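First up is the structure itself, then whatever we jot down about it.
The values are calculated or read from the model by the stated rules, or taken from the named source; none is laboratory data. Fair warning: this is a prediction, and the values are worked out from it, not measured in the lab. As a convention, Cβ positions derive from the backbone with ideal geometry for all residues, glycine included, and neighbour counts pool all protein chains shown. Calculation scope for accessible area: heavy atoms of the full protein, side chains included, ligands and nucleic acids excluded. Shrake-Rupley method; radii C 1.70, N 1.55, O 1.52, S 1.80 Å.
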Amino acid sequence: MTNEKENENEKDPSQDQVSEDAQKNKGLGIVAYIIFFIPLLVAKESKFATYHANQGLLLLLTAIIINTAGTLIPIIGWLLILPFGNLFVFILWLIGILNAAKGEKAPLPVIGKYAIIK
């Protein structure tokens with residue numbers, strides 16, 4: 001029983017660095033969903049900011065693809081792809097901002113598993 005309590009009290013040093021990086025760069029994580037390249041310029045060494053910059057870039061590319069397809073495809077694109085696609089992008093945007101604000105590195109649903117920026 002004592003060993004379990006001692007193990008709980010010991011913290012993994014890499015976990016401290018992650019949470020310290022997240023706490024320090026939460027604002028840049030949020031900014032990454034508005035202008036993805038700002039965290040890459042300001043905090044090059046931050047894995048947290050880089051992760052959210054990647055997620056922001058994926059979200060931007062998704063929005064461009066959805067809006068291009070929705071604009072070019074007559075009727076179906078205008079009535080279905082544009083409104084539902086943009087709602088999808090907006091929901092992903094909110095999820096990303098909330099994850100960054102909480103200091104989490106959680107991937108966005110559907111698109112978050114890809115890594116463009118490493």
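When the Cα atoms of the stretch 22-65 are aligned to their principal axes, the ranges along those axes come out at 32, 15, 13 Å in descending order.
Simple spin-label estimate for residue 68 and residue 106 gives 3.1 nm between the two label positions (7 Å along the Cα-to-Cβ direction from each Cα). Extension gain for the segment residue 115 to residue 19, taken as residue separation times 0.36 nm less the Cα-Cα distance, is 32.4 nm to one decimal.
Highest-first packing order for the peptide set 68-77, 50-59, 96-105, 81-90 is 50-59, 96-105, 81-90, 68-77, based on the mean count of other beta carbon atoms within 10 Å.
Distance between the modelled labels on residue 44 and residue 98, one decimal in nanometres: 3.5 nm (7 Å Cα→Cβ projection).
As a calculated quantity, the FRET efficiency between residue 34 and residue 75 at R0 = 41 Å, using C-beta atoms, amounts to about 0.80. What a 1.4 Å probe finds exposed on the stretch 30-118 is 78% carbon and sulfur by accessible area, rounded to a whole percent. Excluding ligands, DNA and RNA, the accessible surface per residue across the stretch 50-97 is 54 Å² with a 1.4 Å probe.
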